[in-house]
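Asks: Could you have a look at this structure, given as structure tokens, before my questions?
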Amino acid sequence: MENNGKHHIVPYKTHITVLLGLIILTALSVAVTSIELGPLTVTVALLLATAKALLVLIYFMHLRFDNIIYSIMVAFVMFSIISIIVITFLDYLFR
Amino acid sequence: MSENPTRSIEPSYLKYKGRYGGIFAWIFSTDHKRIGLLYLWSIMTFFIVGAILGLLMKMELISPGKNIMGPQTYNGFFTLHGIIMIFLIVIPGLPAVFGNFFLPIMIGAKDVAFPRLNLTSWWLYMFGALVVLTSQFTGGGPPDTGWTFYAPYSFQTPTNMLPAVTGAFILGFSSILTGLNFIVTIHRMRAPGMGWFKMPLFPWSLYATGWIQLIATPIVGVTLLMIIAERTLNIGFFDPSLGGDPILYQHLFWIYSHPAVYIMILPAMGAISEIIPTFARKTIFGYKAIIASTVAIAFVGYFVWGHHMFTSGMSGVALYTFSILTFLVAIPSAIKVFNWVSTMHKASINLQTPFYWAVSFIFVFMIGGFSGLVLGALATNVHLHDTHFVVAHFHFIVFGGTGFAFLGAMHYWFPKVFGRKYDAGWANIGWLTFFIGFITLYGPMFYLGIAGMPRRYYDYVEVFHGGNIISSFGSIILIAGIAIVITNLVKSAISGEKADQNPWGGITLEWKVPSPPPLENFDEIPHVTRGPYDYS
């Protein structure tokens with residue numbers, strides 16, 4: 001946005017597509033709970049939640065149309081959180 | 001830095017007449033300098049309360065048996081002491097006071113990026129503090145869990161947990177907003193010509209700290225909400241009888257609270273990195289290495305939280321991983337110490353009070369750091385866990401590190417903040433008394449811990465008496481030191497001799513504006529052409 005000093009306008013079609021994507025992913029995350037995945041339950045739930053968060057970040061929060069530095073920052077934060085979760089599971093999976 | 005120092009005819013920020021008068025000119029001011037002072041006075045008030053609680057606990061421990069308080073009062077005291085000292089003092093500490101005051105000036109800006117958000121942070125801080133303190137006087141009595149609110153006790157204790165936990169949650173927002181504000185300010189508002197590697201080290205440390213505040217604090221926020229949900233709705237996150245896991249609480253709590261240690265110590269290291277080159281009158285040794293170590297500490301610091309839980313029953317793999325990662329943090333910390341010492345090497349040092357605070361910071365920080373390695377080793381940890389050794393270690397790091405750096409920074413920037421000089425004689429006496437008291441108070445705790453004295457008990461067996469007598473007398477000396485330092489600074493702020501614009505011969509931007517600075521700091525935004533510590 002700030003690169004060229006003008007606002008980027010996202011077409012309604014994109015918004016609706018993303019909304020549909022979010023609804024499908026939500027339905028999927030509910031449906032997947034009926035399958036017994038053992039230790040992978042949390043992984044699948046987190047992956048689906050991450051996919052949804054990324055859709056919101058990229059389209060609704062305009063990350064895609066912004067300066068690359070913001071994407072780098074978000075990637076860095078994501079990496080930190082993923083590392084924290086992986087390290088936490090070094091406890092739970094090896095007890 | 002800038003070749004053209006700015007001289008202002010504007011009234012100073014202390015005298016500026018705004019929209020409101022009296023106290024409202026302060027509590028509704030969006031000026032970063034006034035907000036910095038609001039934090040200073042609030043933190044000082046809370047600190048006096050926390051220090052008195054600490055003194056009373058040491059008086060209880062001066063001899064075995066009940067002296068001035070029983071077990072329940074003692075439990076309440078160490079909980080409140082911890083909450084006040086951690087959440088209300090050392091976490092906001094240097095960023096909220098000196099970060100607010102000096103970050104914009106040091107990077108050549110007129111204010112932070114979001115001045116109103118900045119004022120909101122202070123209001124949230126005060127509101128959170130009020131909610132926390134309400135827990136002392138209402139409901140089932142003062143919380144007795146310790147500042148860590150460990151599950152399952154924190155959702156079982158009949159004491160008044162909810163206000164304490166809710167207050168800590170609100171304080172977290174204050175911290176997040178300050179961190180966000182500083183990150184944006186540093187990205188967007190540096191003066192022309194001030195590239196990332198022309199920025200002084202204190203703003204660099206605030207930048208790294210800002211990221212920790214931003215990423216780690218929400219985790220403790222969610223965790224505290226989980227405690228509230230557990231207590232009120234019996235959900236079963238942490239309660240084993242409901243299928244929960246108490247160790248999950250410890251993970252979540254320390255995922256924030258260990259990086260919080262770096263929220264405390266990084267700005268302290270930043271302040272020390274400002275003081276040493278100014279009084280050594282020399283460029284700092286390894287400027288980029290210090291930046292790299294700051295960022296490395298902030299980053300690796302996220303992944304070491306498990307060393308608080310070595311005896312909690314984690315898996316072996318987790319134990320080894322956390323122990324190795326903990327040892328890794330020592331590397332960037334040591335890089336900084338070597339850089340500070342190398343800066344002093346062959347320097348023509350101007351011995352002044354801030355420098356005394358800075359070198360004593362290095363001394364106590366190293367003792368704290370080395371004892372941290374003892375605790376980070378798996379085998380020794382089993383012996384020392386929950387003993388006075390741990391208490392000594394974190395007081396050397398948290399109080400020794402942050403406290404010495406805070407008071408060093410206070411003396412260093414005092415002429416700039418208040419436009420007056422402190423009484424150097426009393427300042428030196430205050431520092432020496434404080435230092436002797438500090439070592440006498442916390443030094444014996446290492447011995448007591450190794451001998452096996454557990455922490456968090458109001459009573460002990462006779463064999464620990466000797467060490468406790470020395471430690472308790474140390475607390476009296478320390479309190480005397482604190483009283484001398486605070487009295488001297490308050491008195492000097494009111495009636496001290498007028499200070500020059502640049503009493504120490506510093507070359508970062510804050511020394512190029514009048515003392516005290518005008519409302520918008522600079523008449524004209526400076527153009528930076530030289531490095532921050534270029535004494536050539």
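The values are calculated or read from the model by the stated rules, or taken from the named source; none is laboratory data. None of these values were measured; they are calculated from a predicted model. With ideal geometry, Cβ positions are generated from the backbone for all residues, glycine too; neighbour counts draw on all protein chains shown. These accessible areas exclude ligands, DNA and RNA; they are computed on the full protein's heavy atoms, side chains included. Shrake-Rupley method; radii C 1.70, N 1.55, O 1.52, S 1.80 Å.
Asks: Hey, B:M126 hits all of (1) closer than 24 Å to B:F394 by Cβ; (2) open to solvent by 30 Å² or more (accessible area, probe 1.4 Å) but one; which does it fall short on?
Replies: Just one mismatch for B:M126, condition (1).
Asks: Moving to a separate point now. When you check A:T41 against the structure, is it closer than 28 Å to B:S312 by Cβ and open to solvent by 40 Å² or more (accessible area, probe 1.4 Å), yes or no?
Replies: Numbers: closer than 28 Å to B:S312 by Cβ: yes; open to solvent by 40 Å² or more (accessible area, probe 1.4 Å): yes.
Answer is yes for this residue.
Asks: Separate question: Within region B:489-502, restricting attention to residues that are closer than 19 Å to B:F406 by Cα and of a type outside the set (D, E, K, R), which residue is surrounded by the fewest Cβ atoms within 10 Å (Cβ to Cβ)?
Replies: Going through region B:489-502, the residues closer than 19 Å to B:F406 by Cα turn out to be B:489-493.
If we keep only those that are of a type outside the set (D, E, K, R) too, we end up with B:489-490, B:492-493.
Values: B:L489: 23, B:V490: 12, B:S492: 22, B:A493: 16.
Of everything passing the filter in region B:489-502, B:V490 is surrounded by the fewest Cβ atoms within 10 Å (Cβ to Cβ).
Asks: Restricting the first residue to region B:315-329 and requiring it to be open to solvent by 20 Å² or more (accessible area, probe 1.4 Å), which pairs with a second residue that is at pLDDT below 95 and part of a helix (DSSP H, G or I) meet a Cβ separation below 6 Å and a spacing of at least six or different chains?
Replies: B:V317/A:L90; B:T321/A:L90; B:L325/B:F303; B:L328/B:V300
Asks: Any idea which of (1) of a type outside the set (K, R); (2) open to solvent by 50 Å² or more (accessible area, probe 1.4 Å); (3) farther than 20 Å from B:I397 by Cα is the one B:I107 doesn't satisfy?
Replies: So B:I107 meets the others, but not (2).
Asks: Kindly provide the set of residues from region B:75-111 that are within 15 Å of B:L37 (Cα to Cα) and outside any helix (DSSP H, G or I), ordered by number.
Replies: Of everything in region B:75-111, those that are within 15 Å of B:L37 (Cα to Cα) and outside any helix (DSSP H, G or I) turn out to be B:P92, B:D111.
Asks: Six or more apart or on different chains, Cβ atoms under 7 Å: show the pairs whose first residue is in region A:63-77 and without any contact (Cβ under 8 Å) to a residue 40 or more places away in the chain and whose second is open to solvent by 50 Å² or more (accessible area, probe 1.4 Å).
Replies: Listed by first residue and then by second, the contacts come to A:L63/A:Y70; A:R64/A:I58.
Asks: Then there is this: Working only within region B:215-235, note down all residues that are away from chain A (no Cβ under 14 Å) and among the small types (G, A, S). Step through it out loud before you land on a result.
Replies: Residues of region B:215-235 away from chain A (no Cβ under 14 Å): B:221, B:224-235.
Hits for region B:215-235 are B:G221, B:A229.
Asks: Within region B:197-239, can you find the residues that are open to solvent by 40 Å² or more (accessible area, probe 1.4 Å), within 19 Å of A:I85 (Cβ to Cβ) and either within 20 Å of the chain's Cα centre (by Cα) or not hydrophobic (A, V, I, L, M, F, W, C) (or both)?
Replies: Matches in region B:197-239: B:L214, B:P218.
Asks: Sticking with this one: Let me confirm something: among B:F253, B:F285, B:F279, which residue is touching a helix residue (DSSP H, G or I) at 6+ places or on another chain (Cβ under 6 Å), at pLDDT 90 or above and not in a helix (DSSP H, G or I)? So that I can check it myself, show each step before the final result.
Replies: Working: B:F253 fails: not in a helix (DSSP H, G or I); B:F279 fails: not in a helix (DSSP H, G or I).
Answer to the check: B:F285.
Asks: So, one more: Only one of (1) more than 14 Å from chain B (Cβ to nearest Cβ); (2) open to solvent by 70 Å² or more (accessible area, probe 1.4 Å); (3) within 27 Å of B:F299 (Cβ to Cβ) fails for A:I16. Which number is that?
Replies: Evaluating A:I16 over (1) more than 14 Å from chain B (Cβ to nearest Cβ); (2) open to solvent by 70 Å² or more (accessible area, probe 1.4 Å); (3) within 27 Å of B:F299 (Cβ to Cβ) leaves (3) as the failure.
Asks: I'd like to check something: does region A:45-57 contain any residue that is within 14 Å of chain B (Cβ to nearest Cβ), within 30 Å of B:Y249 (Cα to Cα) and open to solvent by 100 Å² or more (accessible area, probe 1.4 Å)?
Replies: no
Asks: Report whether or not B:G474 is closer than 21 Å to B:Q352 by Cα and either open to solvent by less than 30 Å² (accessible area, probe 1.4 Å) or touching a residue at least 12 places away in the same chain (Cβ under 8 Å) (or both). Can you show your working first?
Replies: On the way: closer than 21 Å to B:Q352 by Cα: no; either open to solvent by less than 30 Å² (accessible area, probe 1.4 Å) or touching a residue at least 12 places away in the same chain (Cβ under 8 Å) (or both): yes.
Here the answer is no, as B:G474 does not meet what is asked.
Asks: Among the candidates B:G430, B:G408, B:G425, single out the residue that is among the small types (G, A, S), surrounded by fewer than 21 Cβ atoms within 10 Å (Cβ to Cβ) and in a helix (DSSP H, G or I). Please lay out each step first, then the result.
Replies: Values: B:G430 fails: surrounded by fewer than 21 Cβ atoms within 10 Å (Cβ to Cβ); B:G408 fails: surrounded by fewer than 21 Cβ atoms within 10 Å (Cβ to Cβ).
The match here is B:G425.
Asks: Could you pull out the residue among B:F28, B:F24, B:F46, B:F87 that is among the aromatic types (F, W, Y), under 20 Å from B:G128 (Cβ atoms) and open to solvent by 60 Å² or more (accessible area, probe 1.4 Å)? Please lay out each step first, then the result.
Replies: Details: B:F24 fails: under 20 Å from B:G128 (Cβ atoms); B:F46 fails: open to solvent by 60 Å² or more (accessible area, probe 1.4 Å); B:F87 fails: open to solvent by 60 Å² or more (accessible area, probe 1.4 Å).
Going through B:F28, B:F24, B:F46, B:F87 in turn, the sole match is B:F28.
Asks: If B:V304 meets every condition in (1) within 21 Å of B:I219 (Cβ to Cβ); (2) in contact with a helix residue (DSSP H, G or I) (Cβ under 7 Å, 6 or more places away or on another chain); (3) open to solvent by 40 Å² or more (accessible area, probe 1.4 Å) apart from one, which number is that one?
Replies: Among (1) within 21 Å of B:I219 (Cβ to Cβ); (2) in contact with a helix residue (DSSP H, G or I) (Cβ under 7 Å, 6 or more places away or on another chain); (3) open to solvent by 40 Å² or more (accessible area, probe 1.4 Å), B:V304 violates only (3).
Asks: Let me ask something additional. Consider B:S293 against the criteria (1) more than 14 Å from every other protein chain (Cβ to nearest Cβ); (2) farther than 25 Å from B:P415 by Cβ; (3) open to solvent by 10 Å² or more (accessible area, probe 1.4 Å); (4) polar (S, T, N, Q): it satisfies all of them except one. Which criterion is unmet?
Replies: (3)
Asks: Is it true that B:I265 is more than 14 Å from chain A (Cβ to nearest Cβ), β-branched (V, I, T) and closer than 30 Å to B:F169 by Cα?
Replies: Working: more than 14 Å from chain A (Cβ to nearest Cβ): yes; β-branched (V, I, T): yes; closer than 30 Å to B:F169 by Cα: yes.
Against the criterion (more than 14 Å from chain A (Cβ to nearest Cβ), β-branched (V, I, T) and closer than 30 Å to B:F169 by Cα), B:I265 qualifies.
Asks: Being under 23 Å from the mean Cα position of the chain (by Cα) and among the small types (G, A, S), is that true of even one residue in region B:311-318?
Replies: Filtering region B:311-318 for residues under 23 Å from the mean Cα position of the chain (by Cα) gives none.
No, the conditions are met nowhere in region B:311-318.
Asks: Within region B:339-353, is there a residue that is assigned to a helix (DSSP H, G or I) and within 24 Å of B:I212 (Cβ to Cβ)? Can you show your working first?
Replies: Of all residues in region B:339-353, those assigned to a helix (DSSP H, G or I) come to B:339-344, B:353.
Retained after the next criterion (residues that are within 24 Å of B:I212 (Cβ to Cβ)): B:339-340.
Yes, there is a match, as at least one residue in region B:339-353 is assigned to a helix (DSSP H, G or I) and within 24 Å of B:I212 (Cβ to Cβ).
Asks: Scanning for something touching a Ser or Thr at 6+ places or on another chain (Cβ under 7 Å), open to solvent by less than 70 Å² (accessible area, probe 1.4 Å) and either within 14 Å of chain B (Cβ to nearest Cβ) or under 30 Å from B:V300 (Cβ atoms) (or both), does region A:74-88 turn up at least one residue?
Replies: There is at least one residue in region A:74-88 that is touching a Ser or Thr at 6+ places or on another chain (Cβ under 7 Å), open to solvent by less than 70 Å² (accessible area, probe 1.4 Å) and either within 14 Å of chain B (Cβ to nearest Cβ) or under 30 Å from B:V300 (Cβ atoms) (or both).
Asks: Taking region B:296-319 on its own, how many of its residues are more than 9 Å from chain A (Cβ to nearest Cβ) and either not in a helix (DSSP H, G or I) or not aliphatic (A, V, I, L, M) (or both)? Working first, answer last.
Replies: Start the filter on region B:296-319 by keeping residues that are more than 9 Å from chain A (Cβ to nearest Cβ), which leaves B:296-298, B:300-301, B:304, B:307-308, B:310-312.
Still in the list and also either not in a helix (DSSP H, G or I) or not aliphatic (A, V, I, L, M) (or both): B:301, B:304, B:307-308, B:310-312.
Counting residues in region B:296-319 that are more than 9 Å from chain A (Cβ to nearest Cβ) and either not in a helix (DSSP H, G or I) or not aliphatic (A, V, I, L, M) (or both) gives 7.
Asks: Which residues, counting only those in region A:62-73, are surrounded by 14 or more Cβ atoms within 10 Å (Cβ to Cβ), at pLDDT 90 or above and either over 22 Å from B:Y256 (Cβ atoms) or more than 10 Å from chain B (Cβ to nearest Cβ) (or both)? Write out each step before concluding.
Replies: Just the residues of region A:62-73 that are surrounded by 14 or more Cβ atoms within 10 Å (Cβ to Cβ), to begin with: A:62-63, A:65-66, A:70-71, A:73.
If we keep only those that are at pLDDT 90 or above too, we end up with A:63, A:70-71, A:73.
Result: A:L63, A:Y70, A:S71.
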